[in-house]
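Okay, structure first, notes after.
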Number of protein chains: 2
Amino acid sequence: MLQPRGDRKVLCAGLICLDILSVVDHYPVEDTDNRIERQIWQKGGNCANSAAVVAQLGEQTAYFGTLATGRAADMVLDEMREFGVDVDQVVMHDGYASPSSTIIINTSTGTRTIIHADNNLPELTLSDFHKLDLDQYKWIHFEGRNMTEVAKMVDAVQEYNRSRSMEDRVIISGECEKAKYHPEHFISTVDVMFVAKEYAQHHGFPTAQAAVEGFHRRVKKGATVVCAWGELGADAMGPDGVHHHADAFSPDQVVDTLGAGDTFNGAIIAAMCRSLPLEEVLKFGCKVAGRKCGQFGYRGLTIGE
Amino acid sequence: MLQPRGDRKVLCAGLICLDILSVVDHYPVEDTDNRIERQIWQKGGNCANSAAVVAQLGEQTAYFGTLATGRAADMVLDEMREFGVDVDQVVMHDGYASPSSTIIINTSTGTRTIIHADNNLPELTLSDFHKLDLDQYKWIHFEGRNMTEVAKMVDAVQEYNRSRSMEDRVIISGECEKAKYHPEHFISTVDVMFVAKEYAQHHGFPTAQAAVEGFHRRVKKGATVVCAWGELGADAMGPDGVHHHADAFSPDQVVDTLGAGDTFNGAIIAAMCRSLPLEEVLKFGCKVAGRKCGQFGYRGLTIGE
């Protein structure tokens, strides 16, 4: 079992953006004017979402990524601070616009349609990463994007770990979601590998169980594979090779599934930081993700185990 | 002919909001993830757009409307100031969100799909309007919305005008666009009535000429009716009852028609402030609106007459 060191921080490295949610009762027909009562502005980005969840669940958490100076960045940074996430290490770029997503949530069908603009903002580089003091962190979670640079960061953490005793090592997790970003470097390197349903299906796995079994054969010794599969719950396999499954906790009414996977990942990290047994970790992840689906946004996700 | 008094300001009263434009090459299919290079954030709202155009065309211009305190308001106010528009009279509300529109511009079809959220922000009231010093203005342009209150404001300007000599009166214009807002009060009261194609069609007029002729019979004596009809140009009829038409000035490539009508209205107001003959006014309006359609946004619209 993983033994994260003391009260050091969990660092989440990846995308942060501004999500602008339009909640509609029908998908807009092209070239029409549609009126809605309100839009929801919130921070988004897989990694930023996970960080906000980890922090809410009681871990000291820092977020690491890039933003463009300006009011959009100020908004999302304020929100991260409200969640209790340390954003001091965020790399700010002048002369760019921050990434933002327009998201249409159709309450009558439960779909979410995303238009994401990265605004050509530079992503994290190894040289940004070198500015971090790794002694501060017990866990670094990487989003599976920008992999050329992220792979080097993972290697840098491994290098750091090599000269540390077991209990002083930084746990590394990686999220494999979009196949187009080629997050394969995670398979052989991370301690905890998050396999998204999308990624599992891309690799031909029809179920979460098949995915965790399949990837568990390929990850490094001692690693854990976790895979959530929407309303079918989640599966995991730890160092002992025992397969675990937890059912989804479905809310009374599904309101907003946006970021449910990011929430699940954050909850898993938080539960693992408490060194819960993998079965409990999995159940906790499903519970927090289920709660998230019953509400808009990411606030108020603190629940008992 | 209208003789706007000296160097006083043009005031535009109506909506301002934040427009978030996503420029796509196909209309997003529901429940998909779409990536675009950039989003454009800009102030929107018919009246705010017109004000930015009037200011650019050399008139001292003020904007009057409501906003919610916060970063979205700061963004649009900054932009208005960049256009040279005085926003000192804007009524700020705490505890609300500013109106914003998500706009999907499909470059392959030229459509623009709008999802507008008013966020329940209170609109202008007569009591807000009473705080203005009408001596500051030579022209007040009203957007045809929030008509219960706007009708009272129009009446207040008329009351003000009654005790002034001809050359000291404030010229009133009103924009009739959305029939659902019932802007009919403008018909009998304003000096310049802008009839949008949408409004004309709602009233059964098949052409701009039919619309200006039809409405000219109903407006108050001495009033001018102006009606733009997209790529078919625009028509107008002044106090003398002579019908004028100007062809559209089509840009080499239509890039962004969002706010073309607002631009046209602003250009007409600016041209009338210079006391140009109505035919020239109309031609100028078409020229500026055409230029706007050939570019994104509202910058750089200054052109010779």
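The values are calculated or read from the model by the stated rules, or taken from the named source; none is laboratory data. Quick caveat: nothing in here was measured; it's all calculated off a predicted structure. Here Cβ is always computed from backbone atoms with ideal geometry, including for glycine, and neighbour counts include all displayed protein chains.
Report whether or not residue B:77 is assigned to a strand (DSSP E or B) and either within 12 Å of chain A (Cβ to nearest Cβ) or of a type in the set (A, V, I, L, M) (or both). Before the answer, list the steps.
Numbers: assigned to a strand (DSSP E or B): no; either within 12 Å of chain A (Cβ to nearest Cβ) or of a type in the set (A, V, I, L, M) (or both): yes.
No: the conditions fail for residue B:77.
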>> Among the numbered criteria (1) more than 16 Å from residue A:10 (Cα to Cα); (2) assigned to a strand (DSSP E or B); (3) in contact with a Phe, Trp or Tyr (Cβ under 8 Å, 6 or more places away or on another chain), which one does residue A:62 miss?
In response: (1)
> Filtering the stretch A:224-267 down to residues that are surrounded by fewer than 24 Cβ atoms within 10 Å (Cβ to Cβ) and of a type in the set (Phe, Trp, Tyr), which residue is nearest to residue A:144 (Cα to Cα)?
Replying inline: A:229
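This table checks each residue for (1) modelled with pLDDT of 95 or more; (2) closer than 28 Å to residue A:257 by Cβ; (3) surrounded by fewer than 21 Cβ atoms within 10 Å (Cβ to Cβ).
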position: A:106; (1), (2), (3): no, yes, yes
position: A:111; (1), (2), (3): no, yes, yes
position: A:119; (1), (2), (3): no, yes, yes
position: A:122; (1), (2), (3): yes, no, yes
position: A:140; (1), (2), (3): yes, yes, no
position: A:161; (1), (2), (3): yes, no, yes
position: A:166; (1), (2), (3): no, no, yes
position: A:170; (1), (2), (3): yes, no, no
position: A:174; (1), (2), (3): yes, yes, no
> Within the stretch B:187-198, can one find any residue that is under 18 Å from the mean Cα position of the chain (by Cα), assigned to a helix (DSSP H, G or I) and within 30 Å of residue A:34 (Cβ to Cβ)?
Replying inline: yes
> Are any residues in the stretch B:236-276 of a type in the set (Asp, Glu), within 17 Å of the chain's Cα centre (by Cα) and farther than 22 Å from residue B:58 by Cα, and if so, which ones?
Replying inline: B:256
> Of all residues in the stretch A:51-83, how many are among the β-branched types (Val, Ile, Thr) and touching a helix residue (DSSP H, G or I) at 6+ places or on another chain (Cβ under 6 Å)?
Replying inline: 3
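Identify all residues within the stretch A:50-59 that are assigned to a helix (DSSP H, G or I) and either of a type outside the set (S, T, N, Q) or over 22 Å from residue A:122 (Cβ atoms) (or both); write none if there are none.
Of everything in the stretch A:50-59, those that are assigned to a helix (DSSP H, G or I) and either of a type outside the set (S, T, N, Q) or over 22 Å from residue A:122 (Cβ atoms) (or both) turn out to be A:51, A:52, A:53, A:54, A:55, A:56.
Return the residue satisfying two criteria in turn: it lies in the stretch A:268-290 and is in contact with a Gly (Cβ under 7 Å, 6 or more places away or on another chain) and closer than 17 Å to residue A:232 by Cα, and of such residues it is surrounded by the most Cβ atoms within 10 Å (Cβ to Cβ). Before you say what the answer is, go through the steps one by one.
Residues of the stretch A:268-290 in contact with a Gly (Cβ under 7 Å, 6 or more places away or on another chain): A:268, A:270-271, A:278, A:286.
From what's left, closer than 17 Å to residue A:232 by Cα: A:268, A:286.
Numbers: A:268: 31, A:286: 22.
Here the answer is A:268.
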> Residues that are in contact (Cβ under 8 Å) with a residue 40 or more places away in the chain and touching a helix residue (DSSP H, G or I) at 6+ places or on another chain (Cβ under 6 Å): which strands (runs of 3 or more DSSP E) entirely in the stretch A:84-180 hold 2 or more of them?
Replying inline: A:137-143
>> Going by what's in this entry, would residue A:128 be described as at pLDDT below 95 and either crowded, with 19+ Cβ neighbours inside 10 Å or within 17 Å of the chain's Cα centre (by Cα) (or both)?
In response: no
> Taking the stretch B:18-67 only, how many residues are among the aliphatic types (A, V, I, L, M), within 12 Å of chain A (Cβ to nearest Cβ) and touching a His at 6+ places or on another chain (Cβ under 8 Å)?
Replying inline: 1
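Looking at residue B:11, is it in contact with a Pro (Cβ under 8 Å, 6 or more places away or on another chain) and away from every other protein chain (no Cβ under 11 Å)?
no
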>> If I filter the stretch B:85-118 down to residues being in contact with a strand residue (DSSP E or B) (Cβ under 7 Å, 6 or more places away or on another chain) and small (Gly, Ala, Ser), which single residue comes out as nearest to residue B:38 (Cα to Cα)?
In response: B:101
>> For the stretch A:56-83, which positions are touching a residue at least 40 places away in the same chain (Cβ under 8 Å), over 27 Å from residue A:288 (Cβ atoms) and not hydrophobic (A, V, I, L, M, F, W, C)?
In response: A:66
> Within the bounds of the stretch A:7-18, is there any residue that is out of contact with any strand residue (DSSP E or B) (no Cβ under 7 Å at 6 or more places or on another chain) and free of Cβ contacts under 8 Å to residues at least 40 places away in the same chain?
Replying inline: no
>> surrounded by fewer than 16 Cβ atoms within 10 Å (Cβ to Cβ), within 24 Å of residue A:13 (Cβ to Cβ), at pLDDT below 95 and of a type in the set (Gly, Ala, Ser): is that true of residue A:188 in this structure?
In response: no
> Could you list, in sequence order, the residues of the stretch A:208-223 that are in contact (Cβ under 8 Å) with a residue 24 or more places away in the chain and buried (at least 16 other Cβ atoms within 10 Å of the Cβ)?
Replying inline: A:208, A:209, A:211, A:212, A:213, A:215, A:216, A:219, A:223
>> Considering only residues that are within 23 Å of residue A:176 (Cα to Cα), more than 13 Å from chain B (Cβ to nearest Cβ) and either within 19 Å of the chain's Cα centre (by Cα) or of a type in the set (Asp, Glu) (or both), which ones fall in the stretch A:88-124?
In response: A:90, A:123, A:124
> For the stretch B:164-199, how many residues are in contact with a Ser or Thr (Cβ under 8 Å, 6 or more places away or on another chain) and aliphatic (A, V, I, L, M)?
Replying inline: 4
> Out of (1) over 21 Å from residue A:117 (Cβ atoms); (2) surrounded by fewer than 17 Cβ atoms within 10 Å (Cβ to Cβ), what's the single condition that is false for residue B:73?
Replying inline: (2)
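For every residue, the table says whether it meets (1) touching a Gly at 6+ places or on another chain (Cβ under 7 Å); (2) within 15 Å of residue A:12 (Cα to Cα).
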site	(1), (2)
A:84	no, yes
A:92	no, no
A:124	yes, yes
A:132	no, yes
A:137	no, yes
A:167	no, no
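A quick yes/no check of all residues on (1) at pLDDT below 90; (2) surrounded by fewer than 18 Cβ atoms within 10 Å (Cβ to Cβ):
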| position | (1), (2) |
| --- | --- |
| A:2 | yes, no |
| A:7 | yes, yes |
| A:14 | no, no |
| A:23 | no, no |
| A:26 | no, yes |
| A:30 | no, yes |
| A:35 | no, yes |
| A:44 | no, no |
